[in-house]
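The values are calculated or read from the model by the stated rules, or taken from the named source; none is laboratory data. Note that the coordinates shown come from a computational prediction; the quantities given were computed from them, not determined experimentally. Methodologically, a virtual Cβ is constructed for each residue, glycine included, from the backbone with ideal geometry; neighbour enumeration extends over all protein chains shown. The protein model used for the area step is the full one, side chains on, heavy atoms only, and it has no ligands, DNA or RNA in it. Shrake-Rupley method; radii C 1.70, N 1.55, O 1.52, S 1.80 Å.
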Amino acid sequence: MSDSAELDAGDDGGGSVHVVGTAHVSADSVEEVRETINERRPDVVAVELDEGRYRQMKGEVAQDLEPSDLLEGNTVFQFIAYWMLSYVQAQMGDRFDIEPGADMEAAIDAAEAIGSEVALVDRDIQMTIQRFWARMSVFEKLRMVWELCLAMVGVGGAGEEEEDFDVGELTDGDVVTAMMEEFRQFSPGGAEALIDERDAFIAHRLVALRRAGHDVVAVVGAGHRAGIEEYLDHPERLPPMEDLVGTESGSRFSPFKIFGYLMAAGFLTFFFLLFMAGVRNALLLKVFGAWFLFNGIFAFGLAKLAGARWTSAGVGGAVAWLTSVNPLLAPGWFAGYVELRYTSVNVGDIAELNEILSDQETPIRDLLGQMIDVPLFRLIAIVAMTNVGSMIASFTFPFVVLPLLGAQVGVDQIPDLMIQGAQNSADLIVRTLT
């Protein structure tokens, strides 16, 4: 059953907060929520939802996704993380035969039935996922995606031990604490954004309701109950609200960014030194042409493999040479924007993907084919594969293409020419300064 605790305000406005900790996939939690609200008949029922998720639950929000929401910067990877976490929750819901989020829906229905107000006290989910993603290290992101991918194809499960799992354990205090600590060890930064910051954000909202004199029943996930209650007992310990909202910048010098800058510097340095060594313009044009074609072919080919239209793949291939030397751009963004001219994606695609993945008997090849038919997955695949193609081409170009081009002046002469170019550059600088 759900855990609950009541925290009276004392002199703090005369209101009170009764916290109910639930499992989002537990039928017992749903019943506990209904009983608590009907018995206490509070002024306000506070639920662990933001405006967007509430409107989606009520069917009042459009399902279309804006291209800018999906393709800017790292948003596509954050969306993948959101989808994967949604899939895990959906799988647990299927296993225990209850719709994920049924506890929150039951709280809203019960509040409306008795005339209580509904307060949405959680932080915006997009902000939470953005801050969660930014706080994780590269290795934590790779590990999370890898383990969730394995879970999707049914690898790494607990086997027969799963049959003995009791859903009631999801709301047991000791079990929840252990789960939170395990996640905190996996990613301290991610846990801070996903758990600690939301504890404080929700507590801010509840303290405000209590100070306004309202009697509140707060329905939150069991993992948040202890942290929220601690803040309700000691509101002076709450961090400033401005520290809990806004976009997290993340690391300025991630390995991927450093790799991109090094590639750009290496590319420009290579051409500059050959030019300073007096290499004929014809050879420089051939090197540039080879760079353009090599990047374009890889980006175009992998985009088509992901299901891109000819125009989308063509645009991704055409700009791959430029984006390979500019770490602030990516050819997949361009291919994705063009693809969105012919198709639309919506939030409902996530449910369709989860349904496809729930069939553990389908061969992986057929599974991928079905997923590619879903517009959202196809778009993500096109963006990712176009970028991967360009990265592969950029990395292998010095080892595959340059030796072939170097045959025109002798492969062994290219390092000598670059050294000569460096010497000529140094001489030019000395003459300029003197």
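Quick notes
- Some residue of the range 349-357 being modelled with pLDDT under 75 and surrounded by fewer than 19 Cβ atoms within 10 Å (Cβ to Cβ): yes
- Test set (1) assigned to a helix (DSSP H, G or I); (2) surrounded by fewer than 14 Cβ atoms within 10 Å (Cβ to Cβ); (3) modelled with pLDDT under 70 - Leu170 fails condition number: (2)
- Selection of the range 408-427 for residues being among the polar types (S, T, N, Q) and either at pLDDT below 80 or out of contact with any helix residue (DSSP H, G or I) (no Cβ under 7 Å at 6 or more places or on another chain) (or both) yields Gln408, Gln413, Gln420, Gln423.
- If you filter the range 244-268 down to residues that are assigned to a helix (DSSP H, G or I) and either open to solvent by 100 Å² or more (accessible area, probe 1.4 Å) or within 14 Å of Arg135 (Cα to Cα) (or both), you find that the one that is modelled with the lowest pLDDT is Phe256.
- Leading residue by the ranking (modelled with the lowest pLDDT) among those in the range 316-347 that are more than 21 Å from Phe397 (Cβ to Cβ) and outside any loop (DSSP other than H, G, I, E, B): Asn346
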